[in-house]
Amino acid sequence: QVQLVESGGGLVQAGGSLRLSCAASGTIFNILAMGWYRQAPGKQRELVARIDSYDTTKYADSVKGRFTISRDNAKNTIYLQMNNLKPEDTAVYSCNANVEPTRWSIAHDYWGQGTQVTVSS
């Protein structure tokens, strides 16, 4: 089993910054990719940023130039640096990891519990 523990959410004023962290632990052979998704009230969950094992990154158009995703392979941890936050960034941010638990396993998706990010105007 794989556990994802998120931290770093909170309340910030527009224009401010937050840094989210997500640490993966448990039975892990290989992490193929990790990323952050968000869901605002009344809206569908959307990809915010993703990074794979080749350090290839992908961002939602709405956060390009403001958010940066990075990873620490030794700690199985990813970070999301969020700058110049806007009220429309308010959402529950959830960490996702695509993991091969063992050498013989197919990859599975795992999710964290989510962390609230609120940006006031």
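The values are calculated or read from the model by the stated rules, or taken from the named source; none is laboratory data. Computed from a prediction, not measured in an experiment: that's the story for all the values here. Because the Cβ atoms are built from the backbone with ideal geometry, glycine has one as well, and the counts that use them run over all protein chains shown. Quick note on the areas: whole protein, heavy atoms, side chains included, nothing else; ligands and nucleic acids left out. Shrake-Rupley method; radii C 1.70, N 1.55, O 1.52, S 1.80 Å.
A compact table of results
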{"quantity": "Any hit, the range 45-68, residues being touching a residue at least 40 places away in the same chain (Cβ under 8 Å) and exposed (fewer than 15 other Cβ atoms within 10 Å of the Cβ)", "calculated": "yes"}
{"quantity": "Residue 42 vs. criteria in a loop (DSSP other than H, G, I, E, B), open to solvent by 50 Å² or more (accessible area, probe 1.4 Å) and not acidic (Asp, Glu)", "calculated": "yes"}
{"quantity": "Test: residue in the range 108-118 that is among the aromatic types (Phe, Trp, Tyr) and not in a loop (DSSP other than H, G, I, E, B)", "calculated": "yes"}
{"quantity": "Within the range 63-107, tally of residues that are within 14 Å of the chain's Cα centre (by Cα) and part of a strand (DSSP E or B)", "calculated": "20"}
{"quantity": "Test: residue in the range 9-29 that is farther than 17 Å from residue 92 by Cα, of a type in the set (A, V, I, L, M, F, W, C), open to solvent by 20 Å² or more (accessible area, probe 1.4 Å) and touching a Phe, Trp or Tyr at 6+ places or on another chain (Cβ under 9 Å)", "calculated": "yes"}
{"quantity": "Options 88, 6: the member that is in contact with a Phe, Trp or Tyr (Cβ under 9 Å, 6 or more places away or on another chain) and of a type in the set (Asp, Glu)", "calculated": "6"}
{"quantity": "Tabulated pairs, the range 1-27, first part of a loop (DSSP other than H, G, I, E, B), second exposed (fewer than 12 other Cβ atoms within 10 Å of the Cβ), C-beta under 7 angstrom, 6+ apart or interchain", "calculated": "9/116; 14/87; 14/120; 14/121; 27/1; 27/102"}
